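These notes concern the structure reproduced below.
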Amino acid sequence: MLFKKIIILSLLMCVLSLNAQNPIVQTYFTADPAPMVHNGTVYMYTTHDEDETIDNFFTMHNWRCYSSTDMVNWTDHGVVASLKDFKWSDKTNGAWAPQAIERNGKFYLYCPIHGDGVAVLVADSPTGPFVDPLGKRLIDGTANIWHDIDPTVFIDDDGQAYLFWGNPGLYYVKLNEDMISYDRTVGSNGIFAVEMTTEGFGEHIGRDGNMRTKYTEGPWVYKRNDLYYLVYAASGIPEYIAYSTAPSIKGPWTYRGYIMERAPHLAFTNHPGIIDFKGNSYFFYHTHELSGGEGFKRSVSVEQFEYNADGSIPLIIPSKEGVKKSVSNLNPFARVEAETIAWSEGLKTASDNEGGIFVTKIHNGDFIKVRSVDFSNGAKSFKATIASAAKGGKIELRLGAPDGQLIGTCKVKDTKGWTDWRTIESKTKAVGGVHDLYLVFKGGEGELFNFDWWMFSR
Ligand code: FUB
């Protein structure tokens, strides 16, 4: 009886891990997701919790970017900005929650530097390179610079852009059209403080026993069907996610309730990001699941949801399954970056001298899962670009599971250098239809090879 129970439990664990989509990045610890939709692609900017935490606190030096066209496979664009981009700041830690937006073909990344305020970077492409156009912080003259975190940016239908931010207060400025300055003739030298009423932001009894509002940090501002939404981390530590709505960006805000409550795998912080993409709505947040409960090592997750008919947001359950259905299939007959991943185990990504991203730290048994791969019309061979200064190994191509049907094996040899790339090719079984593809790495001891891209041929 016990034996039977153990088998059922192991099968269940196996099915759960096969279906796990959250957290959506497994190669690094990522937090504070800021998704941006641009030209049919979702670009997700994240903070980056280092693998080694210093002084048992947030250890965050740079910002990363990932993109997806199907909401299940995410391509890693590596570190797109870092504290080093701000020459005027001497902070070596504190690359906190950013947000990006496009205007007139330029991409603006609003970056809070913990203790040095809110700054901005600009680029010609969503993945950079980003440069500092100001040589100083963007927002100045605030009451307490340590409170100037978590910027969220929004352009209204009339073209007026707003930047909100703050913990524990909530502030905003009216950005000028250049997106790197603001109207200083309004508010208090340009800055407006949002009135924090319990009608607007709910009631919360703090640890000191005093009544305050639920608003804590991490604002995310947007507009939908003429209603303005302000979603935020709420109720102190540990954080819930709540939201308020208003008929105008200036308020008055009305508290509308929680979007995400507590769950055992949620970190003591949480941080929202919301987008509509290809007809669906998605809620981004972070958990401490991947690190096994370490609140300074968080990971971004995503859930699909539907607004209620009256525009209200339902309570969203933080699941392991995440996004169930891809919005489109992946074409394996065009170059696919190896760092396009639905789920991976044991791997890291790195960038070469030209900034190209590749998959590294590949050991025996590690794997990449790529979801919804459309083999229609049949595949006959597989190409991969790899490099190795060790003995190499092999890539097994399997369908549906890490030990699923083997459709091909690609042998990887020593190329005499970890970035001395070579493209290799091997035959595959004729396969058709749409499958989850597993690239399973096999070999001896130690690191096997690096992996840049792959594709199938018919
Ligand atoms: O990631 C550092 C800080 O923790 C963010 O700025 C907050 O929103 C919280 O997630």
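Within segment 92-106, restricting attention to residues that are under 16 Å from Ile54 (Cβ atoms) and without any contact (Cβ under 8 Å) to a residue 40 or more places away in the chain, which residue is farthest from the ligand (Cβ to nearest atom)?
Applying the filter and picking the extreme gives Thr92.
Go through segment 190-217 and count every residue that is hydroxyl-bearing (Ser, Thr, Tyr), within 16 Å of the ligand (Cβ to nearest atom) and out of contact with any helix residue (DSSP H, G or I) (no Cβ under 6 Å at 6 or more places or on another chain).
Adding up the residues that qualify gives 1.
Which one of Arg262, Arg256 is open to solvent by 10 Å² or more (accessible area, probe 1.4 Å) and away from the ligand (no atom under 16 Å from the Cβ)?
On inspection, the qualifying residue turns out to be Arg256.
When you check Tyr222 against the structure, is it out of contact with any Ser or Thr (no Cβ under 7 Å at 6 or more places or on another chain) and under 29 Å from Asn93 (Cα atoms), yes or no?
no
Is it fair to say Ile407 is at pLDDT 95 or above, of a type outside the set (Ser, Thr, Tyr), part of a strand (DSSP E or B) and more than 17 Å from Ala338 (Cβ to Cβ)?
When the stated conditions are applied, Ile407 passes them.
I'd like the residue in segment 407-443 that is hydrophobic (A, V, I, L, M, F, W, C) and within 29 Å of the chain's Cα centre (by Cα) and, out of all such residues, is surrounded by the most Cβ atoms within 10 Å (Cβ to Cβ).
Here the residue is Leu437.
Output the residues belonging to segment 232-249 that are within 12 Å of the ligand (Cβ to nearest atom) and surrounded by 22 or more Cβ atoms within 10 Å (Cβ to Cβ).
Tyr232, Ala233, Ala234, Glu239, Ile241
Please tell me if Val37 is in a strand (DSSP E or B), open to solvent by 10 Å² or more (accessible area, probe 1.4 Å) and closer than 16 Å to Phe130 by Cα.
It is false that Val37 is in a strand (DSSP E or B), open to solvent by 10 Å² or more (accessible area, probe 1.4 Å) and closer than 16 Å to Phe130 by Cα.
Looking only at segment 159-210, count how many residues are without any contact (Cβ under 8 Å) to a residue 40 or more places away in the chain and aliphatic (A, V, I, L, M).
6
Determine which single condition Val80 fails, assuming it passes every other condition in (1) away from the ligand (no atom under 16 Å from the Cβ); (2) closer than 21 Å to Gly355 by Cα; (3) open to solvent by 20 Å² or more (accessible area, probe 1.4 Å).
(3)
Residues are listed down the side, and each one gets a yes or a no for (1) touching a helix residue (DSSP H, G or I) at 6+ places or on another chain (Cβ under 8 Å); (2) without any contact (Cβ under 8 Å) to a residue 60 or more places away in the chain; (3) among the small types (Gly, Ala, Ser):
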| residue | (1), (2), (3) |
| --- | --- |
| Asn270 | no, yes, no |
| Gly279 | no, yes, yes |
| Glu289 | no, no, no |
| Lys297 | no, no, no |
| Val300 | no, no, no |
| Gly322 | no, no, yes |
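Could you say whether any residue in segment 266-280 is open to solvent by less than 10 Å² (accessible area, probe 1.4 Å), more than 18 Å from the chain's Cα centre (by Cα) and more than 12 Å from the ligand (Cβ to nearest atom)?
no
Pick from Ser381, Ser372: which is surrounded by fewer than 18 Cβ atoms within 10 Å (Cβ to Cβ), in the same structural domain as Val440 (by TED's automatic domain parsing) and in a strand (DSSP E or B)?
Unique residue meeting the criteria: Ser381.
Any chance segment 319-328 includes a residue that's under 30 Å from Lys223 (Cβ atoms) and among the hydrophobic types (A, V, I, L, M, F, W, C)?
yes
Scan segment 45-77 for residues that are touching a Cys at 6+ places or on another chain (Cβ under 6 Å) and away from the ligand (no atom under 15 Å from the Cβ) and jot them down.
His77
Spot the failing condition for Val42; the list is (1) in contact with a Pro (Cβ under 6 Å, 6 or more places away or on another chain); (2) within 16 Å of the ligand (Cβ to nearest atom); (3) touching a residue at least 60 places away in the same chain (Cβ under 8 Å); (4) not polar (S, T, N, Q), and only one is missed.
Evaluating Val42 over (1) in contact with a Pro (Cβ under 6 Å, 6 or more places away or on another chain); (2) within 16 Å of the ligand (Cβ to nearest atom); (3) touching a residue at least 60 places away in the same chain (Cβ under 8 Å); (4) not polar (S, T, N, Q) leaves (2) as the failure.
The values are calculated or read from the model by the stated rules, or taken from the named source; none is laboratory data. All values derive from a computational prediction rather than experimental measurement. Neighbour counts are summed over all protein chains in view; Cβ atoms, including those assigned to glycine, are modelled from backbone coordinates with ideal geometry. Note: accessible area is taken over every heavy atom of the protein model, side chains too, but ligands, DNA and RNA are not part of it. Shrake-Rupley method; radii C 1.70, N 1.55, O 1.52, S 1.80 Å.
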